[in-house]
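Colleague: Here you go, one structure.
The values are calculated or read from the model by the stated rules, or taken from the named source; none is laboratory data. Note that the coordinates shown come from a computational prediction; the quantities given were computed from them, not determined experimentally. Cβ placement follows ideal geometry from the backbone for every residue including glycine, while neighbour counts extend to all protein chains displayed. With ligands, DNA and RNA removed, areas are computed over all heavy atoms of the protein, side chains included. Shrake-Rupley method; radii C 1.70, N 1.55, O 1.52, S 1.80 Å.
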Amino acid sequence: MQLASMLILASMVTPQTPDTLTVATVTDIRDIAVVGTAPIQRVESRLIQNAGTITLQEALRTFSGVSVKDYGGLGGMKSVSIRNFGSQHTGIIYDGQVISNVQNGQVDIGRFNLDDIKSISVEISGTTDIFRPARLASAVGVLSLESARPAFDSTSTQVSAQLRHGSFRSWNPYLNIKQKLGERWSAVLWGNYINSQGNYPFLLQNGDITTSEIRIHSDVSSFSSEATLYGEIGSNGNLVTKLSFYDSERGLPGSVVLYTQNPHQRLWDRDYKASISYDDRLGDLWKFRSSMAYSSSRNRFVDYDPIHVNPEDDRYLQQEGYISAAVLHSPFNGIEFSAAEDLVFNTLDSNISGCPFPERLSSYSALSGKYDRSPLTAVATISGTAIKEWVRIGTPAPGRFHISPSASIAYRLPIETGLRIRASFKDSFRQPTFNDLYYSTIGNRKLKPEKANQTNLGLTWEKDFGLHHFSAVADAYWNMVKNKIVAVPSMFIWSMRNVGKVRMLGTDLSFQYKGKASDWLTVQAGANYSYQYAVDITDRSAKNYRHQIAYTPRHYGSGNLILETPWVNVGYTMQAVGERYTLAQNTPAYRTDPYADHNISLNHTFGFGQKHGWGLHASAEILNITNVNYEVIKYYPMPGRQFRIAIKIQY
């Protein structure tokens, strides 16, 4: 993590004047993981670059309590789950705008481009930021992405162009243009293209026989772009307008079972999003923030499998309109209150026979209070959600209303100890998705929301020893999920039911160090470990009673080491995951082997043409150094050893 502070001394001496001493203090970003009232982790752009991280899933694998489901390759679906509640319980916010998927509740995080990201953070079971959209208050945890706002010095135009090449015929050109538009306005435009054949080799274990195979039909071609306009209005107002576009075509290789891969399925995605947000400081006591957004997401799934008389060609259109407003009041030093309201309207159209064309209007409200006077910080929030639905065919799901309270507190012990104690409680829930409620034959319109209770108790520590900064975090938690939505067989038909109940006990441990080993070497290192006992307690008579839930390892961890020198930066990351079970019953037949994935990177930025401010950044990476053969999802093999190189020119 960053050093808490650095003291710089400079002396200006001339023969004609007495000696003078100028003192300046430069303060870096505080170790946010230590000072929060609830678990929070953050990684900044410099660490992302020096660690050789280019995708969001790679960055999140170094976070404790966070897991990523990955179906393999650049084109495989990636979703994030916090403490294994499931991706539907994870709120995602990008530059102040909430990203959602009302059809199935899973956002593909593989779509996000990290080349212009300033920071990535994950909050669990609470937050100290009470000035935010109301719809995040009901989430188990929040993944937040923040873009780098342009900063200009002597030039009014900044350009960066990058070309990345990797194994399996992977190409990734990227272009970013930042333009200053007068004293108060600026714009950013970027485009990112990815193309990969995805034909990586893997080992297939079939009983006692091991064969070498090639992943087929795992190609992907995608293009994403974004245009952002930043403006300053009045003395304290800030306006941000954003237009986003994403288009992709990919093969869906399917599972590998008995030497068979399914090369007949393809998926097309085309998304548009427009948003505008405005925030202003109204005097010394008030802040105001509002935003509006519209998004359209088209999906096409085609299955040419010869077993079908006619090819399956399913098409979906999701649309969302979103408006949000929040106000923050600070009547006294260290005391804040906020109120937020979000209105969201969703629709889903499909060419599937029997589609009821559902529509949903959701209202999210949140009232929060915060007390922050050393040594005590306390936050409390109560949120309410009301939902109304309509359908063109049949009867809609009933209206729903839910109240979610949360509270968190942190107390700093004597400052010389560097210790803080924190505790939090949060009542969370997730609404059934449109697929849960209305999908052909299995949807159940009477489903209730999944309810999740989270309790967290933690101890944090940070200390500076000269130019060496250490921090450590230990959190223990107890969680319960009720009304879990699962597919249950009834005679010959499966349907979605509220029958699941899961109990989770666990701990997250984290250690971070940053320091100057010498005049030319800066070392940054970190390690995370998580233990989770997550068992199904739905039915005492069931064979899977108190069995670990599917795809949840008891033990997993990660580590990173970054060496910064004037000549080259060396980054090393690793992730280790213990054994898991692919189905509800923990029997040897469903066991998945543990694995460890190691990556290493080299990078350096060359400065040249000082008059014009040119720079060149070069990097090389080796992923899965040991070429381990493993699966995150059963029957979906991950790539083995692979290479990436990149050249980036900045002006």
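Colleague: Determine whether region 80-100 contains at least one residue that is of a type outside the set (D, E), under 18 Å from D247 (Cα atoms) and touching a residue at least 12 places away in the same chain (Cβ under 8 Å).
Modeller: Residues of region 80-100 of a type outside the set (D, E): 80-94, 96-100.
Okay, now just the ones that are also under 18 Å from D247 (Cα atoms), so 99-100.
If we keep only those that are touching a residue at least 12 places away in the same chain (Cβ under 8 Å) as well, we get 100.
Yes: one or more hits.
Colleague: Would you mind finding the one in A326, A293, A339 that is within 24 Å of A378 (Cα to Cα), touching a residue at least 40 places away in the same chain (Cβ under 8 Å) and under 27 Å from the mean Cα position of the chain (by Cα)? Quick ask: steps written out before the conclusion?
Modeller: Details: A293 fails: within 24 Å of A378 (Cα to Cα); A339 fails: touching a residue at least 40 places away in the same chain (Cβ under 8 Å).
None of the other options fit; the residue is A326.
Colleague: Take V102 and decide whether it is in a loop (DSSP other than H, G, I, E, B) and touching a helix residue (DSSP H, G or I) at 6+ places or on another chain (Cβ under 8 Å). So that I can check it myself, show each step before the final result.
Modeller: Working: in a loop (DSSP other than H, G, I, E, B): yes; touching a helix residue (DSSP H, G or I) at 6+ places or on another chain (Cβ under 8 Å): yes.
Judged against the criteria, V102 is a match.
Colleague: Do we find that P637 is touching a residue at least 60 places away in the same chain (Cβ under 8 Å), within 24 Å of N84 (Cβ to Cβ) and either more than 27 Å from the chain's Cα centre (by Cα) or open to solvent by less than 50 Å² (accessible area, probe 1.4 Å) (or both) in this structure? First the steps, then the outcome.
Modeller: Values: touching a residue at least 60 places away in the same chain (Cβ under 8 Å): yes; within 24 Å of N84 (Cβ to Cβ): yes; either more than 27 Å from the chain's Cα centre (by Cα) or open to solvent by less than 50 Å² (accessible area, probe 1.4 Å) (or both): yes.
Spelling it out, P637 is indeed touching a residue at least 60 places away in the same chain (Cβ under 8 Å), within 24 Å of N84 (Cβ to Cβ) and either more than 27 Å from the chain's Cα centre (by Cα) or open to solvent by less than 50 Å² (accessible area, probe 1.4 Å) (or both).
Colleague: Name the residues in region 475-502 that are charged (D, E, K, R) and modelled with pLDDT under 90, would you? Working first, answer last.
Modeller: Within region 475-502, the subset charged (D, E, K, R) is 475, 482, 484, 497, 501.
If the condition is that a residue be charged (D, E, K, R) and modelled with pLDDT under 90, then K484, R497 are the ones that fit.
Colleague: Same structure again: Answer with yes or no whether R300 is open to solvent by 40 Å² or more (accessible area, probe 1.4 Å) and under 30 Å from F337 (Cβ atoms). Working first, answer last.
Modeller: Details: open to solvent by 40 Å² or more (accessible area, probe 1.4 Å): yes; under 30 Å from F337 (Cβ atoms): no.
Spelling it out, it is not the case that R300 is open to solvent by 40 Å² or more (accessible area, probe 1.4 Å) and under 30 Å from F337 (Cβ atoms).
Colleague: Sticking with this structure for a sec: For region 243-279, what are the residues that are open to solvent by 30 Å² or more (accessible area, probe 1.4 Å) and acidic (D, E)?
Modeller: Passing the criteria: D247, E249, D279.
Colleague: If you take the residues in region 589-623 that are surrounded by fewer than 16 Cβ atoms within 10 Å (Cβ to Cβ) and under 14 Å from K634 (Cα atoms), which one is modelled with the highest pLDDT?
Modeller: Going through the qualifying residues, I end up with P594.
Colleague: Residues L328, L367: which one is open to solvent by 40 Å² or more (accessible area, probe 1.4 Å) and aliphatic (A, V, I, L, M)? Outline the logic, then answer.
Modeller: Values: L328 fails: open to solvent by 40 Å² or more (accessible area, probe 1.4 Å).
Going through L328, L367 in turn, just one is open to solvent by 40 Å² or more (accessible area, probe 1.4 Å) and aliphatic (A, V, I, L, M): L367.
Colleague: Suppose we keep only residues that are under 17 Å from S147 (Cα atoms) and in contact with a Phe, Trp or Tyr (Cβ under 7 Å, 6 or more places away or on another chain) within region 99-131. Which one would you say is surrounded by the most Cβ atoms within 10 Å (Cβ to Cβ)?
Modeller: Filtering region 99-131 down to residues under 17 Å from S147 (Cα atoms) leaves 99, 109-122.
Retained after the next criterion (residues that are in contact with a Phe, Trp or Tyr (Cβ under 7 Å, 6 or more places away or on another chain)): 111, 115-116, 122.
Values: R111: 17, D115: 20, D116: 18, V122: 23.
The qualifying residue surrounded by the most Cβ atoms within 10 Å (Cβ to Cβ) is V122.
Colleague: Related question: Quick one: how many residues across region 521-562 are surrounded by 20 or more Cβ atoms within 10 Å (Cβ to Cβ), of a type in the set (V, I, T) and over 21 Å from N456 (Cα atoms)?
Modeller: 1
Colleague: Return a yes/no flag: does region 154-168 have any residue that is out of contact with any Pro (no Cβ under 9 Å at 6 or more places or on another chain), outside any strand (DSSP E or B), open to solvent by 20 Å² or more (accessible area, probe 1.4 Å) and of a type outside the set (S, T, Y). Quick ask: steps written out before the conclusion?
Modeller: Filtering region 154-168 for residues out of contact with any Pro (no Cβ under 9 Å at 6 or more places or on another chain) gives 154-157, 159-160, 165-166.
Adding the requirement that they be outside any strand (DSSP E or B) leaves 154-156.
Pick out the ones that are also open to solvent by 20 Å² or more (accessible area, probe 1.4 Å) and you get 154-156.
So of that shortlist, the ones also of a type outside the set (S, T, Y) come out as none.
No; the residues of region 154-168 include none that is out of contact with any Pro (no Cβ under 9 Å at 6 or more places or on another chain), outside any strand (DSSP E or B), open to solvent by 20 Å² or more (accessible area, probe 1.4 Å) and of a type outside the set (S, T, Y).
Colleague: Residues that are within 28 Å of the chain's Cα centre (by Cα) and either within 21 Å of D305 (Cα to Cα) or at pLDDT 95 or above (or both): does region 200-212 have at least one?
Modeller: No, because not a single residue in region 200-212 is within 28 Å of the chain's Cα centre (by Cα) and either within 21 Å of D305 (Cα to Cα) or at pLDDT 95 or above (or both).
Colleague: A further question follows. Just to verify a result, which residue in region 405-420, among those that are among the β-branched types (V, I, T) and at pLDDT below 95, is most open to solvent (accessible area, probe 1.4 Å)? Spell out how you get there, then give the answer.
Modeller: Pass one, region 405-420, residues among the β-branched types (V, I, T): 409, 415, 417.
With the extra rule that they be at pLDDT below 95, the set shrinks to 415, 417.
Numbers: I415: 118, T417: 50 Å².
The extreme case among them is I415.
Colleague: Name the single residue, out of those in region 201-219 being touching a Phe, Trp or Tyr at 6+ places or on another chain (Cβ under 9 Å) and β-branched (V, I, T), that is least open to solvent (accessible area, probe 1.4 Å).
Modeller: The selected residue is T211.
Colleague: Quick one: A137 ticks every box in (1) surrounded by fewer than 21 Cβ atoms within 10 Å (Cβ to Cβ); (2) in contact (Cβ under 8 Å) with a residue 12 or more places away in the chain; (3) within 27 Å of the chain's Cα centre (by Cα) bar one, so which box is it?
Modeller: It is condition (1) that A137 fails.
Colleague: Give F465, F434, F401 a once-over and let me know the one that is out of contact with any Asp or Glu (no Cβ under 8 Å at 6 or more places or on another chain) and open to solvent by less than 20 Å² (accessible area, probe 1.4 Å).
Modeller: After applying the criteria, what remains is F434.
Colleague: Kindly indicate the residue of region 343-364 that is among the hydrophobic types (A, V, I, L, M, F, W, C) and in a loop (DSSP other than H, G, I, E, B) and also least open to solvent (accessible area, probe 1.4 Å) among those meeting that condition. Please lay out each step first, then the result.
Modeller: If we filter region 343-364 for residues that are among the hydrophobic types (A, V, I, L, M, F, W, C), which is where we start, we get 343-345, 348, 352, 355, 357, 361.
Applying the additional criterion that residues be in a loop (DSSP other than H, G, I, E, B) yields 352, 355, 357.
Working: I352: 44, C355: 18, F357: 52 Å².
Among those residues, the one meeting the criterion is C355.
Colleague: On to the next question. Take region 588-634 and flag every residue that is assigned to a loop (DSSP other than H, G, I, E, B), more than 24 Å from the chain's Cα centre (by Cα) and under 22 Å from L561 (Cα atoms). Don't jump to the end; show me each part of the working.
Modeller: In the first step, residues of region 588-634 are kept if they are assigned to a loop (DSSP other than H, G, I, E, B); the result is 593-594, 609-613, 624-630, 634.
If we keep only those that are more than 24 Å from the chain's Cα centre (by Cα) as well, we get 593, 609-613, 625-629.
If the condition is that a residue be assigned to a loop (DSSP other than H, G, I, E, B), more than 24 Å from the chain's Cα centre (by Cα) and under 22 Å from L561 (Cα atoms), then I625, T626, N627, V628 are the ones that fit.
Condition check ((1) more than 23 Å from N84 (Cβ to Cβ); (2) of a type in the set (K, R); (3) outside any loop (DSSP other than H, G, I, E, B); (4) open to solvent by 60 Å² or more (accessible area, probe 1.4 Å)) across all residues:
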{"site": "R422", "(1), (2), (3), (4)": "no, yes, yes, no"}
{"site": "Q454", "(1), (2), (3), (4)": "no, no, yes, no"}
{"site": "A472", "(1), (2), (3), (4)": "yes, no, yes, no"}
{"site": "S495", "(1), (2), (3), (4)": "yes, no, yes, no"}
{"site": "T507", "(1), (2), (3), (4)": "no, no, yes, no"}
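Colleague: Right, next: For region 437-452: of the residues being among the small types (G, A, S) and more than 26 Å from the chain's Cα centre (by Cα), which is surrounded by the most Cβ atoms within 10 Å (Cβ to Cβ)?
Modeller: Start the filter on region 437-452 by keeping residues that are among the small types (G, A, S), which leaves 440, 443, 452.
Retained after the next criterion (residues that are more than 26 Å from the chain's Cα centre (by Cα)): 440, 443.
Numbers: S440: 12, G443: 20.
Of everything passing the filter in region 437-452, G443 is surrounded by the most Cβ atoms within 10 Å (Cβ to Cβ).
Colleague: Of the residues Y545, Y531, Y556, Y581, which is touching a residue at least 60 places away in the same chain (Cβ under 8 Å) and either over 18 Å from H604 (Cβ atoms) or more than 24 Å from the chain's Cα centre (by Cα) (or both)? Show your work before the answer.
Modeller: Values: Y545 fails: touching a residue at least 60 places away in the same chain (Cβ under 8 Å); Y531 fails: touching a residue at least 60 places away in the same chain (Cβ under 8 Å); Y581 fails: touching a residue at least 60 places away in the same chain (Cβ under 8 Å).
Every option except Y556 fails the conditions.
Colleague: Okay, moving on. Taking into account only those residues within region 140-153 that are surrounded by 17 or more Cβ atoms within 10 Å (Cβ to Cβ) and among the aliphatic types (A, V, I, L, M), which is farthest from P405 (Cα to Cα)?
Modeller: Once the filter is applied, the top-ranked residue is L145.
Colleague: Specify the residue that is most open to solvent (accessible area, probe 1.4 Å); the eligible residues are those in region 44-82 that are of a type in the set (K, R) and more than 11 Å from the chain's Cα centre (by Cα).
Modeller: R46
Colleague: Just give me the residues in region 297-342 being polar (S, T, N, Q) and assigned to a loop (DSSP other than H, G, I, E, B), in sequence order. First the steps, then the outcome.
Modeller: In the first step, residues of region 297-342 are kept if they are polar (S, T, N, Q); the result is 297, 299, 310, 318-319, 324, 330, 333, 338.
N310, N333, listed by residue number.
Colleague: Against the definition (outside any loop (DSSP other than H, G, I, E, B), among the hydrophobic types (A, V, I, L, M, F, W, C) and touching a Pro at 6+ places or on another chain (Cβ under 7 Å)), how does V80 come out, yes or no? Before you say what the answer is, go through the steps one by one.
Modeller: On the way: outside any loop (DSSP other than H, G, I, E, B): yes; among the hydrophobic types (A, V, I, L, M, F, W, C): yes; touching a Pro at 6+ places or on another chain (Cβ under 7 Å): no.
Spelling it out, it is not the case that V80 is outside any loop (DSSP other than H, G, I, E, B), among the hydrophobic types (A, V, I, L, M, F, W, C) and touching a Pro at 6+ places or on another chain (Cβ under 7 Å).
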